[in-house]
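A short write-up of the structure that comes next.
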Amino acid sequence: MAGETNYYGRSWRLLTRDKGWIKVLLVMAIATVVPIAGPLGVLGYALEWARLTAWAPKQKGVGVGACIKSGWRGFVVMLGWNLALMLVFALLRSLFHYSSVLEILILVVTVFSEVLFFVAALRAAIYQDFKAGYQANRLYDMLKRDFGGVAHVTGVTCLMSLVVGIIMAVLFSVLLMPLIMQLATFVATSSSGYYGSYYYGYPSTDAMALRMMADTVGSMVPGIVV
């Protein structure tokens with residue numbers, strides 16, 4: 001347990017040791033908005049940082065081009081493994097006819113496999129070769145050697161996803177509450193014909209629907225920024 005604590009503590013210190021480290025995370029978050037190149041660059045930055053840390057701790061001086069290349073390499077590896085897993089799941093569903101036990105098992109395997117697939121992408125980044133990410137025997141050896149560590153990382157990842165999901169759900173609920181109230185008022189009054197269409201100064205229900213769509217987009221902007 002002490003070793004695990006030191007390991008995670010060391011990882012956190014490597015992340016936060018440089019002044020302004022939070023800016024890097026914010027820039028990465030903004031970069032994901034850029035189509036295609038943004039997510040690939042962010043994934044590649046994480047892989048490149050991990051690759052460099054494996055040899056010599058380093059956080060700066062990682063080129064954008066290298067990040068995109070590494071991200072593309074990792075994306076191909078993760079995509080290949082996910083497609084293979086989807087084929088296995090489809091075969092199991094056809095054999096066992098979508099049983100509830102099977103669906104629970106598939107959910108558990110899916111969550112657990114995402115960590116393994118990222119490790120596969122990391123292997124491809126370390127060796128800078130697609131084939132390194134598809135060496136199933138190496139992944140099996142890693143899983144057999146430290147199953148508890150992989151399970152721990154998977155649990156932490158699920159917990160973080162759950163917490164972030166709850167926070168975002170609450171945030172969007174608060175942001176959309178005025179629109180929900182407006183929609184409820186509109187539904188309640190539209191049945192009265194003239195009153196519902198003209199009392200609020202809107203020429204038709206179509207105009208009201210357009211207004212609500214605009215309000216929805218506007219209210220979601222703060223949540224998307226966060």
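The values are calculated or read from the model by the stated rules, or taken from the named source; none is laboratory data. Just so we're clear, the structure is a prediction, and the values are computed from it rather than from any experiment. Cβ sites come from the backbone with ideal geometry, for glycine too, and all protein chains shown count toward neighbours. Ligands, DNA and RNA are stripped out before the accessible areas are found, and what is left, the full protein with its side chains, is counted by its heavy atoms. Shrake-Rupley method; radii C 1.70, N 1.55, O 1.52, S 1.80 Å.
Overview of values
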item: Test for Lys19: is it of a type outside the set (Ser, Thr, Tyr), outside any helix (DSSP H, G or I), modelled with pLDDT under 75 and open to solvent by 50 Å² or more (accessible area, probe 1.4 Å); result: no
item: Cβ-Cβ under 6 Å pairs, at least 6 apart or on other chains, the range 32-50 side farther than 21 Å from Leu116 by Cβ, far side among the polar types (S, T, N, Q); result: Gly38/Thr32
item: Residue list for the range 186-196, filter: within 17 Å of Met213 (Cβ to Cβ) and either at pLDDT 70 or above or open to solvent by less than 50 Å² (accessible area, probe 1.4 Å) (or both); result: Phe186, Ser190
item: Leu79 at pLDDT 80 or above and surrounded by fewer than 18 Cβ atoms within 10 Å (Cβ to Cβ); result: yes
item: Residue tally, condition over 20 Å from the mean Cα position of the chain (by Cα), exposed (fewer than 12 other Cβ atoms within 10 Å of the Cβ) and within 20 Å of Val156 (Cα to Cα), over the range 88-129; result: 1
item: Exclusive hit being of a type in the set (A, V, I, L, M) and either at pLDDT 85 or above or in contact with a Ser or Thr (Cβ under 9 Å, 6 or more places away or on another chain) (or both), set Leu87, Leu143, Leu171; result: Leu87
